[in-house]
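Quick notes on the structure that follows.
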Amino acid sequence: MTHILHLDTSPRAEQSHSRMLAQEFIEKWRDRHPQTKIIYRDLGLNPIPYIDATWIKAKFTPPDQYTPELVAAIKLSDELIDEFLAADRYVLSTPMYNFSIPAVLKSYIDYIVRPRRTFAVDANGFKGLVTDKKMLVITARGSDFSPGSALAPLDFQEPFLRTVFNFIGITDIQFINANKLNSNLREQSLAEAKTAIQDLAPCW
Ligand SMILES: Cc1cc2nc3c(=O)[nH]c(=O)nc-3n(C[C@H](O)[C@H](O)[C@H](O)COP(=O)(O)O)c2cc1C
């Protein structure tokens, strides 16, 4: 049975375009695959904290040497990683904030990118441990960062997300980017994103 982890990260609720588009994809997917197990985490409306010094100490301490303080510090990270690894597909929706991602998504990534759990390191270098997974990222941007546009070189969102999820082993990543949402071309952009969702859902 397919198991999808659906993550929303916009702090906006009904007004969020990225949430709405991800929901549309999930519904289209569920129509065709009603058996799919879908776990939902709303990082936008239920934010997680940031990592701190105790967490960093725990990250680099072998589990058999954990103190009760380190166990407590790493608990949320372990829960998020367990949830992440249990899924075989990911639907991630995110706004573009300041050319990149919202802080809560960066925090989530800081929690789940962990040695021994999602990546390994040896004499040959780094190796992602999250293999045989698929990811769909749906982004919402106020301006136009589409390929060939003037702002395209300033898109640090898609390259960052590709890099960090590739790093932990996820290489099959598709993006549906809704650009120009803060312009008079919003409706056209949303229609194009919905068409991309419609086209992808049957073959993802
Ligand atoms: C703090 C903040 C930073 C933003 N930075 C950018 C940006 O760098 N580039 C851009 O195109 N839009 C930017 N926007 C606009 C959002 O990407 C746009 O409104 C998007 O629709 C938000 O996603 P949502 O509708 O899912 O909440 C920013 C918005 C906020 C609130």
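The values are calculated or read from the model by the stated rules, or taken from the named source; none is laboratory data. A quick note: this is a predicted structure, and the numbers were derived from the prediction, not measured. Note: ideal-geometry Cβ built from the backbone for every residue, glycine included; neighbour counts use all protein chains shown. When the accessible area is computed, the model is the full protein with side chains, heavy atoms only, and any ligands, DNA or RNA have been set aside. Shrake-Rupley method; radii C 1.70, N 1.55, O 1.52, S 1.80 Å.
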Query - CD proxy at 222 nm, helix term only [per DSSP H run n ≥ 4: -39500 (n - 2.57); per residue of the chain; nearest 500] - result: -12000 deg cm²/dmol
Report summary line: Per the rule of 0.36 nm per residue minus the C-alpha distance, extending Glu83 to Tyr66 adds in nm 4.0 nm
Query raised in the report: Using a 1.4 Å probe on the protein chains only, how many percent of the accessible area of region 3-200 belongs to carbon and sulfur?
Result: 53
Report summary line: For the chain, the longest principal axis of the Cα atoms and the Cα long axis of helix 68-86 enclose an angle in degrees, to the nearest 10, of 40
Query raised in the report: Taking a point 7 angstrom from the Cα of Asp132 along the C-beta vector, which residues in region 76-92 have backbone N less than 12 Å away?
Result: 88
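Which residues make up the longest stretch of the chain clear of trypsin sites (Lys or Arg not before Pro) that lie in a DSSP loop with no more than 15 other Cβ atoms within 10 Å, not counting the sites? Provide the component values of the computation, followed by the final result.
Details: sites that count: Arg12, Arg116.
Looking at the chain, 13-115 is the longest stretch - no exposed trypsin sites (Lys or Arg not before Pro) with at most 15 other Cβ atoms within 10 Å.
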Report task. Could you work out how far helix 103-112 tilts from the main Cα principal axis of the chain, as a 0 to 90 degree angle to the nearest 10? Result -> 40
Report summary line: Relative to the chain, whose Cα atoms define the longest principal axis, helix 186-200 and its Cα axis are tilted in degrees, nearest 10, by 60
Query raised in the report: At Glu187 and Lys75, where each label point lies 7 Å from the Cα along Cα→Cβ, what is the point-to-point distance in nanometres?
Result: 5.1
Query raised in the report: Among the aspartates and glutamates, which have Cα under 15 Å from the Cα of Lys106 when same-chain residues fewer than 8 positions away are ignored?
Result: Asp8, Asp42, Asp52, Glu158
**Report entry** Contact order normalised by residue count of the chain, Cα under 8 Å, 6+ apart, percent
**Finding:** 23
Report summary line: Sparse-neighbourhood loop hits (chymotrypsin sites (Phe, Trp or Tyr not before Pro), region 1-86; DSSP loop; Cβ within 10 Å at most 16 others) -> Tyr50, Phe60, Tyr66
Report summary line: GNM of the chain, Cα pairs under 10 angstrom: of Ala178, Ala123, Ala191, the biggest fluctuation goes to Ala123
Report summary line: Given a 1.4 Å probe, the accessible area of region 27-123 per residue, as a whole number of Å², is 53
Query raised in the report: Quick one: which of Lys28/Lys134; Lys37/Lys59; Lys37/Lys133 span more than 25 angstrom between C-alpha atoms?
Result: Lys37/Lys59
Report summary line: For His3 and Asn98, extending 7 Å from Cα along the Cα-Cβ vector and measuring point to point gives, in nm, a value of 3.6
Query raised in the report: Counting only residues 5 or more places away or on other chains, whose amide H sits under 5 Å from the amide H of Arg117 once H atoms are built in the peptide plane?
Result: none
